[in-house]
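J.: This is the structure I have questions about; it appears just below.
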Amino acid sequence: PLALGLYTVNAVYGDTITMPCRLEVPDGLMFGKWKYEMPNGSPVFIAFRSSTKKNVQYDDVPDYKDRLSLSENYTLSIKNARISDEKRFVCMLVTEDDVSEEPTIVKVFKQPSQPEILHQADFLETEKLQMLGECVARDSYPEGNVTWYKNGRVLQPMEEVAVINFQKIVDKSTGLFTMTSSLQYMPTKEDVNAKFACVVTYYGPSGQKTIESEPVVFNVHYPTEKVTIQVLPQSNAIKEGDNITLKCSGNGNPPPQEFLFYIPGEAEGIRSSDTYIMTDVRRNATGEYKCSLTDRSMMDSTTITVHYLDLQLTPSGEVTKQIGEALPVSCTISSSRNATVFWSKDNTRMPTSPSFSSLQYQDAGNYICATTLQGIEGLQKRKTLKLIVEGKPQIKMTKKTNTNKMSKTIICHVEGFPKPAVQWTVTGSGSIINKAKETRYVNGKFSSKIVIAPEENVTLTCIAENQLERTVTSLNVSAISIPEYDEPEDRNDDNSEKVNDQAKLIVGIVVGLLLAALVAGVVYWLYVKKSKTASKHVDKDLGNIEENKKLEENNHKSET
């Protein structure tokens with residue numbers, strides 16, 4: 001590169017400066033020398049090399065002691081480049097007849113350190129001009145320039161908004177510059193999370209370059225403009241027994257630390273931190289809740305509904321009734337919204353609620369009336385009714401001859417609750433072929449049966465007894481050799497219903513036949529009567545004679 005038409009060498013601070021002698025070596029060269037020029041133009045010789053003796057001599061110049069090197073082609077090298085090396089150096093080649101000179105300009109460059117933002121403000125406050133910080137870039141040559149940026153855009157100076165002051169200091173010992181740029185700034189709320197940075201622009205051997213500082217985000221303080229109240233946990237399903245936390249917040253920075261809470265039923269606001277806790281709330285906590293700043297300047301409100309669910313079962317607990325009695329049952333619900341009610345008996349869902357106009361043994365069991373509140377998780381109630389249906393023992397005895405014609409089975413059908421104990425007694429000769437066997441006790445009913453082979457007529461007695469009464473029933477059983485009509489066993493409820501249905505069908509058929517016969521008889525009687533009336537007119541005269549004969553015959557028969 002050329003500077004003002006002169007050859008220029010650009011060097012980096014601390015590196016080696018290399019300056020070739022840009023002269024052609026003439027014939028008859030005696031020696032070559034290098035010098036530099038003082039600001040006043042006076043020369044200072046620093047290096048000498050003889051063309052004949054090949055020796056090199058360096059002048060005693062303190063600034064260049066142990067830093068110089070002169071090659072055979074008269075290229076001068078200076079180690080550890082300094083700012084003070086920015087001079088005009090001259091290469092001289094001397095013959096007996098002439099002295100040739102060629103100047104070289106040396107330029108030294110030093111890249112500054114990465115800029116830093118120092119003396120940063122702890123926080124920025126809106127509507128207030130204050131010192132944000134200082135951007136410092138050290139050890140630059142030549143001096144650089146500093147520019148402030150906000151969110152990647154140049155921050156232009158503006159009175160009372162952005163005030164920038166720039167200054168530079170040179171180190172006299174090194175000649176390096178330190179640049180400092182201070183920024184006074186008035187932030188707005190929009191500057192929250194804004195990134196501030198500074199960039200230093202400097203010149204290097206290859207031209208203009210820049211280095212950017214690390215960005216800095218400042219805490220921007222601004223006043224509260226709005227107050228908000230929240231209910232925690234955030235749910236529309238608050239129920240009795242829950243704990244509720246009211247949280248009040250302001251949108252300022254820093255946020256307010258104290259608030260006034262207004263609770264239904266309280267005349268004055270309650271001063272508290274940003275939270276107010278209510279434990280084990282009841283339904284009377286339903287209402288409007290408010291909070292405000294301590295100076296009552298701003299306020300917000302919310303409505304809380306505490307859901308509840310009450311269930312009343314009448315009767316409940318353990319209830320004992322007698323068979324055949326009536327038992328009214330009611331399950332009453334009181335709730336904050338629609339509730340779903342369902343019944344179950346012995347863990348089986350019932351399609352409808354129970355109703356007992358005449359209690360039966362199968363009505364006994366564990367009843368549950370349960371309810372849940374729609375949309376409110378965990379709010380459910382249930383109450384139980386343990387129904388006991390008691391009854392005195394009832395007995396019916398049946399007998400049948402077994403298919404082998406060698407024995408008879410006698411069955412004692414028993415109803416009652418608590419379950420009656422059954423005993424058998426036999427009057428007369430005969431043996432009990434097996435011990436009494438009992439069927440399963442279901443819905444207050446069971447059977448006890450024995451098998452006997454009576455040699456003569458006997459009487460069997462079935463005794464059923466529970467806490468309510470003792471019942472005795474006897475049955476005469478003929479000897480196994482005497483034929484008798486067997487009585488069918490009682491079947492289970494389903495079979496009984498089928499037998500009853502069949503019996504009803506048979507009775508209906510018989511009644512129908514009887515009615516048909518009656519109608520036919522009446523018709524025949526009317527027909528005969530009409531025939532007799534007609535014959536009377538034809539045989540009126542003969543009839544009198546015949547009647548007299550018949551009367552005589554009847555009288556004779558009567559005497560006989």
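J.: So if I take the centroid of the Cα atoms in the range 312-348 and the same for the range 56-112, what is the distance between those two points in Å?
T.: Cα centroid of the range 312-348 versus Cα centroid of the range 56-112: 115 Å apart.
J.: Order HIS119, HIS221, HIS307 by their accessible area, 1.4 angstrom probe, all chains in place, largest first. Write out the running numbers ahead of the final one.
T.: Details: HIS119 135, HIS221 35, HIS307 10 Å².
These residues rank, largest area first, as HIS119, HIS221, HIS307.
J.: Using θ = phi - 60° and the Karplus relation 6.51 cos²θ - 1.76 cosθ + 1.60, list the HN-Hα couplings for the range 292-306 in order, rounded to whole Hz, with x at every Gly or Pro.
T.: Here the 3J(HN,Hα) series is 8, 5, 5, 8, 6, 6, 9, 8, 9, 9, 8, 10, 10, 10, 9 Hz.
J.: Continuing with this model, one more query. Can you run phi through the Karplus equation (6.51, -1.76, 1.60; θ = phi - 60°) for the range 184-189 and list ³J(HN,Hα) in whole Hz, with x for Gly and Pro?
T.: Each residue's phi maps through the Karplus curve to give 9, 9, 10, x, 10, 4 Hz.
J.: Can you give the % of DSSP beta bridges in the chain that are antiparallel, to the nearest 5?
T.: Numbers: 156 of 171 bridges.
DSSP beta bridges in the chain are roughly 90 percent antiparallel.
J.: How about the range 379-461: which trypsin sites (Lys or Arg not before Pro) there lie in a loop by DSSP and see at most 15 other Cβ atoms within 10 Å? All intermediate terms of the calculation are to be shown ahead of the outcome.
T.: Values: sites: LYS381, ARG382, LYS383, LYS386, LYS396, LYS399, LYS400, LYS405, LYS408, LYS435, LYS437, ARG440, LYS445, LYS449; in loops: LYS405, LYS435, ARG440.
Within the range 379-461, the qualifying trypsin sites (Lys or Arg not before Pro) (loop, at most 15 other Cβ atoms within 10 Å) are LYS405, LYS435, ARG440.
J.: By accessible area of protein heavy atoms, probe 1.4 Å, what ranking do ARG337, ARG349, ARG22 get, highest first? List each step's numbers first, then the result.
T.: On the way: ARG337 95, ARG349 155, ARG22 120 Å².
I get ARG349, ARG22, ARG337, largest accessible area first.
J.: Could you give the angle, 0 to 90 degrees to the nearest 10, between helix 540-559's Cα long axis and the longest principal axis of the Cα atoms of the chain?
T.: Approximately 80 degrees, to the nearest ten.
J.: Turning to a different aspect of this structure: Counting C-alpha atoms alone, how compact is the range 309-388: give Rg to one decimal and Dmax as a whole number, in angstrom.
T.: Values for the range 309-388 (Cα only, Rg and Dmax): 13.3, 42 Å.
J.: Can you check what the net charge comes to around SER235, using other residues whose Cβ is under 15 Å from the Cβ of SER235 (Lys, Arg +1; Asp, Glu -1)? Before the final figure, lay out each step's value.
T.: On the way: positive: LYS239, LYS247, ARG337; negative: GLU240, ASP242, GLU377.
Taking every Cβ under 15 Å from that of SER235, the sum is 0.
J.: If you take all C-alpha pairs in the range 391-477, what percent of them are over 21 Å apart? Could you put the intermediate results ahead of the total?
T.: On the way: 1036 of 3741 pairs.
Taking all Cα-Cα pairs of the range 391-477, the fraction more than 21 Å apart is 28 percent.
J.: Please list, in chain and number order, the residues 5+ apart from SER336 or on another chain whose amide H is under 5 Å from its amide H, with Hs placed from the backbone.
T.: Residues meeting the amide H criterion: TYR308.
J.: So what's the angle, to the nearest 10 degrees on a 0 to 90 scale, between helix 493-538 and the longest Cα principal axis of the chain?
T.: 40
J.: Suppose accessible area is computed on protein heavy atoms with a 1.4 Å probe; arrange VAL281, VAL154 from highest to lowest.
T.: Heavy-atom accessible area, descending, gives VAL154, VAL281.
J.: Further, regarding this structure: Note down the nm distance, to one decimal, between modelled labels 7 Å out along Cα→Cβ at LYS405 and at ASN457.
T.: Placing both labels 7 Å along Cα→Cβ, they lie 2.2 nm apart.
J.: Something else now. Using Kirkwood radius over Cα pairs in Å as the read-out, say which of (1) 25.3; (2) 28.7; (3) 39.9 was calculated from these coordinates.
T.: (3)
J.: Using θ = phi - 60° and the Karplus form 6.51 cos²θ - 1.76 cosθ + 1.60, what ³J(HN,Hα) does each residue of the range 117-134 get, whole Hz, x for Gly and Pro?
T.: 9, 9, 6, 5, 5, 5, 7, 10, 10, 4, 6, 9, 7, 8, 5, 7, x, 10
J.: Of the accessible area of the range 1-160, with the probe set at 1.4 angstrom, what percent is carbon plus sulfur? Before the final figure, lay out each step's value.
T.: Working: 4220 of 9180 Å².
Carbon-and-sulfur percentage of accessible area, whole number: 46.
J.: Restricting to DSSP loop positions (anything but H, G, I, E, B) with no more than 15 other Cβ atoms inside 10 Å of their own Cβ, which GluC sites (Glu not before Pro) remain in the range 1-105?
T.: Working: sites: GLU24, GLU37, GLU72, GLU86, GLU96, GLU101; in loops: GLU24, GLU72, GLU86, GLU96.
Sparse-neighbourhood loop GluC sites (Glu not before Pro): GLU24, GLU72, GLU96.
J.: Would you please give the residues with an amide H less than 5 Å from that of LYS107, counting only those at least 5 places away or on a separate chain, with H modeled from the backbone geometry?
T.: Sorted by chain and number, the residues that satisfy this are VAL9, ASN10, ALA11.
J.: Which cross-chain or sequence-distant (5 or more) residues have an amide H under 5 Å from the amide H of VAL329, H modelled 1.01 Å from N in plane?
T.: PHE356
J.: For the range 1-151, what D do you get in µm² per second when you plug the Kirkwood radius from alpha-carbon pairs into Stokes-Einstein at 4 °C and 1.567 mPa s? Before the final figure, lay out each step's value.
T.: Working: Rh = 18.5 Å.
For the chosen part, D equals 70 µm²/s.
J.: Could you compute the net charge surrounding LEU118? Neighbours are other residues with a C-beta less than 15 Å from the C-beta of LEU118; K and R count +1, D and E count -1.
T.: Details: positive: ARG138; negative: GLU116, ASP122, GLU134, GLU214.
Counting the neighbours of LEU118, the net charge comes to -3.
J.: Let me ask something additional. Could you pull out the trypsin sites (Lys or Arg not before Pro) across the range 203-310 that fall in loop regions by DSSP (anything but H, G, I, E, B) with no more than 14 other Cβ atoms inside 10 Å?
T.: Details: sites: LYS209, LYS226, LYS239, LYS247, ARG271, ARG282, ARG283, LYS290, ARG296; in loops: LYS226, ARG282, ARG296.
Hits after loop and neighbour filter: LYS226, ARG282, ARG296.
J.: First select every other residue whose beta carbon is under 12 angstrom from the beta carbon of GLU101; then total the charges, Lys and Arg +1, Asp and Glu -1. Working shown, then result.
T.: On the way: positive: ARG22, LYS33, LYS35, ARG88; negative: GLU37, ASP98, GLU102.
Net local charge, GLU101 excluded: +1.
The values are calculated or read from the model by the stated rules, or taken from the named source; none is laboratory data. What you see is a predicted model; the values in this text were computed from it and never measured. Using ideal geometry, Cβ is built from the backbone for each residue, glycine included, and neighbour counts are taken over all protein chains shown. Please note that ligands, DNA and RNA were not included when accessible areas were found on the heavy atoms of the full protein model with its side chains. Shrake-Rupley method; radii C 1.70, N 1.55, O 1.52, S 1.80 Å.
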